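The values are calculated or read from the model by the stated rules, or taken from the named source; none is laboratory data. Everything quoted here is computed from the prediction, not taken from an experiment. Positions of Cβ are backbone-derived with ideal geometry, glycine not excepted, and every protein chain shown enters the neighbour counts. Surface accessibility is based on the protein's heavy atoms, side chains included, excluding ligands, DNA and RNA. Shrake-Rupley method; radii C 1.70, N 1.55, O 1.52, S 1.80 Å.
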Amino acid sequence: MPDSLTRSFANPSAALLERRFDLPDEDATLAFGGRFAQAILQARLKNSSTPNERFPGLQVQLIGDLGAGKTTLVRATLRSLGHAGRVRSPTYTLVEPYSLATETGPLELYHFDLYRFADPAEWADAGFREYFDAGAICLVEWPQRAGGLLGVPDLEFTLEQEGEGRVLTARAFSETGKSCLESC
Ligand code: ADP
Ligand code: MG
């Protein structure tokens, strides 16, 4: 691992790529969400360039305190992927599903918020595993609450307060995540 990469507390495995983004105001977060949406579409195209290859999906863990901007980022990503309706925080429902008609074809996206997750065993009981194996985009707030059941994600986004704004530290743990992060 190059010295420039810091280890993450949530995902201690070595990252393939780490990038830091300064988000001085909410508009900067919205703009990042737009770039991230395009990056997701590009990564999907790149990964399904041969007929036998299916896009494996993308798991993104969103880490940060309450108010750090996790839901804001998900909302911006969904808007840029063409979702016109409301984006509810899945604090009580645990997951909100979205079927998107993007410029490169249909895309399933699941927005999780595990803040109220009491017991990691709920994960198996709720049947969440299958969401992650279906070639979908899974954006997960409070992944720590699943106690490691999520496994190593493709991407980890950590949002931290800095002055009035935020700093986003992004780490990629898979080739799909890396190619996605490269084009953010
Ligand atoms: P979380 O889901 O992490 O609990 P939310 O996205 O619900 O956080 O809330 C974040 C709050 O911070 C919102 O009020 C939003 O307007 C604000 N915000 C989001 N991004 C930024 C930013 N880059 N700089 C300053 N404020 C931001
Ligand atoms: Mg939230």
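Here are the numbers for the structure shown:
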read-out: Flag if Gly82 is over 19 Å from Leu181 (Cα atoms) and away from ligand 2 (no atom under 16 Å from the Cβ); value: yes
read-out: Some residue of segment 175-182 being within 16 Å of ligand 1 (Cβ to nearest atom) and among the hydroxyl-bearing types (Ser, Thr, Tyr); value: no
read-out: Spans of helices (runs of 4 or more DSSP H) in segment 20-133 with at least 1 residues under 16 Å from Cys184 (Cα atoms); value: 26-47, 70-80
read-out: Out of Val95, Val140, sole residue that is of a type in the set (A, V, I, L, M, F, W, C), open to solvent by less than 60 Å² (accessible area, probe 1.4 Å), modelled with pLDDT of 95 or more and out of contact with any helix residue (DSSP H, G or I) (no Cβ under 6 Å at 6 or more places or on another chain); value: Val140
read-out: Hey, Ala43 surrounded by 16 or more Cβ atoms within 10 Å (Cβ to Cβ), under 13 Å from the mean Cα position of the chain (by Cα) and within 20 Å of Pro153 (Cα to Cα) or not; value: no
read-out: Segment 68-90, subset within 13 Å of ligand 1 (Cβ to nearest atom), under 21 Å from Glu156 (Cα atoms) and open to solvent by 30 Å² or more (accessible area, probe 1.4 Å), residue modelled with the lowest pLDDT; value: Ser89
read-out: Test: residue in segment 58-65 that is within 19 Å of Glu160 (Cβ to Cβ), open to solvent by 20 Å² or more (accessible area, probe 1.4 Å) and either in contact (Cβ under 8 Å) with a residue 24 or more places away in the chain or within 16 Å of ligand 2 (Cβ to nearest atom) (or both); value: yes
read-out: Checklist (1) in contact with a strand residue (DSSP E or B) (Cβ under 9 Å, 6 or more places away or on another chain); (2) within 16 Å of ligand 2 (Cβ to nearest atom) applied to Ala126, failing item; value: (2)
read-out: Breaking point among (1) basic (Lys, Arg); (2) within 16 Å of ligand 2 (Cβ to nearest atom); (3) outside any helix (DSSP H, G or I), for Arg171; value: (2)
